[in-house]
Amino acid sequence: MNFTFRQLEVFLAVARYQNLTRAASALSMSQSAASTALKELEQKFDIQLFDRRGKRLQINDFGRLVRIKAEALIDQAEDFQSILAQHHQVGDLRVGATLTIGNYMAVEVMAAFKQKFPHAQIALQVANTQTIAQLVLDFAIDIGLIEGEWQDAELHITPWREDELQVFCAPSHPYAGLQSLTDENLQEAKWIVREPGSGTRQTFDRAMSGILSSLDIVLQLQHTEAIKRAVEARLGIGCLSQVALKEAFKRGTLVPLAVPQRNFKRKFYFVVHRHKFRTSAIDEWISLCSERWNIDV
């Protein structure tokens, strides 16, 4: 071959960080060594992979095409290496999860993954649906677990399991004694909800179709625990996944509110880049997720 895997690693790191210094640091290389590796790759094939704009290297159209193939090739090489290694069966894995999944579900799957493959390294990033989808597109993570529907031609999105949002309030809130809430109740309430870009907010907005513009949203917070604390303090009522509220309902610090005329059902999804090589680690993660939550995908 007229290129090395190290050259491809440098190319992919520069594509990710758009900066040679940061790319070299991520690979534990000197800047001069990284620069030489990238220059040799381009010169060997008489190509240009980046547009130089001062200190910033912006990947060009040809570079984006090469990047997809390079990511898949590196993934296959790492998977092959893990097969050759006798001390473990799968390679390392980078997972991204939205807040509900990351805070209340993914950690249990990580524990099961580590128990089954103790030598494999697994990293977890937690963010909203929009951010996780972008991380998958940028090849910054291997697989994403998201709460909201997302459309992108470059992403392979597979349903994982069913979920449902739940409206809730503090036990001392006036609504706590109501058998169910009417649309008028919903419009009169003060709301504490997730931020735009999150899957939970996407489902909430859809469920409130027709009255959404008349709702009094007083707080938009990025973290489910912050929303629960605010609702406990009677700053308003909230709407989160039943997964995130299970323990609070058991303790009695929060109480569910019935809203039968509104549909809060949704799905959780696995997200992988369409051009990413499907490593054994990705397959094992999906299998463990399905086993842990008794859902076939």
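Observations, loosely collected:
- Flag for ILE282 being of a type in the set (A, V, I, L, M, F, W, C) and in the same structural domain as ILE146 (by TED's automatic domain parsing): yes
- Scanning the stretch 108-156 for residues that are touching a Gly at 6+ places or on another chain (Cβ under 6 Å), part of a helix (DSSP H, G or I) and β-branched (Val, Ile, Thr) yields THR129, ILE132, VAL136.
- A count restricted to the stretch 182-224 and to residues that are over 20 Å from GLN130 (Cα atoms) and at pLDDT below 95 stands at 0.
- Counting only residues that are under 21 Å from ILE141 (Cβ atoms) and loosely packed, with under 12 Cβ neighbours inside 10 Å, the stretch 6-61 holds 1 of them.
- Contact map, the stretch 234-261: residues that are at positive phi and in a loop (DSSP other than H, G, I, E, B) paired with residues that are modelled with pLDDT of 95 or more and of a type in the set (Phe, Trp, Tyr), Cβ distance under 6 Å, separation 6+ or inter-chain. Pairs shown: GLY236/TRP191.
- Filtering ALA112, ALA24, ALA37, ALA77 for residues that are touching a helix residue (DSSP H, G or I) at 6+ places or on another chain (Cβ under 7 Å), aliphatic (A, V, I, L, M), assigned by TED's automatic domain parsing to the domain that holds VAL272 and on the phi < 0 side of the Ramachandran plot leaves a single hit, ALA112.
- As a summary of the residue check, VAL272 satisfies the conditions (1) surrounded by fewer than 21 Cβ atoms within 10 Å (Cβ to Cβ); (2) out of contact with any His (no Cβ under 6 Å at 6 or more places or on another chain); (3) outside any loop (DSSP other than H, G, I, E, B) except for the one numbered (2).
The values are calculated or read from the model by the stated rules, or taken from the named source; none is laboratory data. Only a predicted model underlies this, so the values are computations on that prediction, with no experimental measurement involved. Cβ: placed from backbone, ideal geometry, glycine included. Neighbour counts: every protein chain shown.
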